[in-house]
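What follows is one structure encoded as structure tokens, with my remarks underneath.
The values are calculated or read from the model by the stated rules, or taken from the named source; none is laboratory data. Remember, it's a predicted structure, so these values are computed and weren't measured experimentally. Cβ sites come from the backbone with ideal geometry, for glycine too, and all protein chains shown count toward neighbours. In case anyone asks, the SASA skips ligands and DNA or RNA and just uses the protein heavy atoms, side chains included. Shrake-Rupley method; radii C 1.70, N 1.55, O 1.52, S 1.80 Å.
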Amino acid sequence: MTTIAVKGGFAKNQKRAAVALAASGNIVAAVAGGLIKVITYSFQSRNDGMTIQLTDGNGGAALTHVWTFNTREGVIAPLAQPDTYHFAGSAGTALYGVITGAGTVDVDVSYWDDDSSKK
């Protein structure tokens, strides 16, 4: 973890999740009363015809569009400068990855989690 100082005097601990998804599932577990704010992310497919979309929990609102990849294709979102972020989920909700295709997508996410009252 890395501590990030941001506007308003709140220190945030940057966290990272690196997972290999062969089926849809949680990338970052829900944080009680907290928002998961994604500051950078990357995807890479190990197989042809894979898709991935990040959502606000299982069945929740889309946080990214659906990315479609073949083997070794991927995307990297640049680091958002603190205290900005690319997107945030709802308070107390996991960051979820919805994938389709037969294979695996590697996902790497850097984020901080906040009490929802601290914008």
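Listed conditions (1) in a strand (DSSP E or B); (2) modelled with pLDDT under 95; (3) more than 21 Å from A18 (Cβ to Cβ) are all met by Q81, apart from (1). Just a yes or no: is a residue in the range 40-57 free of Cβ contacts under 8 Å to residues at least 40 places away in the same chain and surrounded by 13 or more Cβ atoms within 10 Å (Cβ to Cβ)? There is at least one residue in the range 40-57 that is free of Cβ contacts under 8 Å to residues at least 40 places away in the same chain and surrounded by 13 or more Cβ atoms within 10 Å (Cβ to Cβ). For the range 69-119, filtered to residues that are among the hydrophobic types (A, V, I, L, M, F, W, C) and more than 14 Å from the chain's Cα centre (by Cα), the residue that is nearest to T55 (Cα to Cα) is A91.
Checked against the criterion of being open to solvent by less than 50 Å² (accessible area, probe 1.4 Å) and in contact with a Ser or Thr (Cβ under 9 Å, 6 or more places away or on another chain), the candidates A77, A30, A62 yield just one match: A77.
Just the residues that are under 17 Å from A20 (Cβ atoms), open to solvent by 40 Å² or more (accessible area, probe 1.4 Å) and assigned to a loop (DSSP other than H, G, I, E, B), please, taken from the range 84-119. Matches in the range 84-119: G101, A102.
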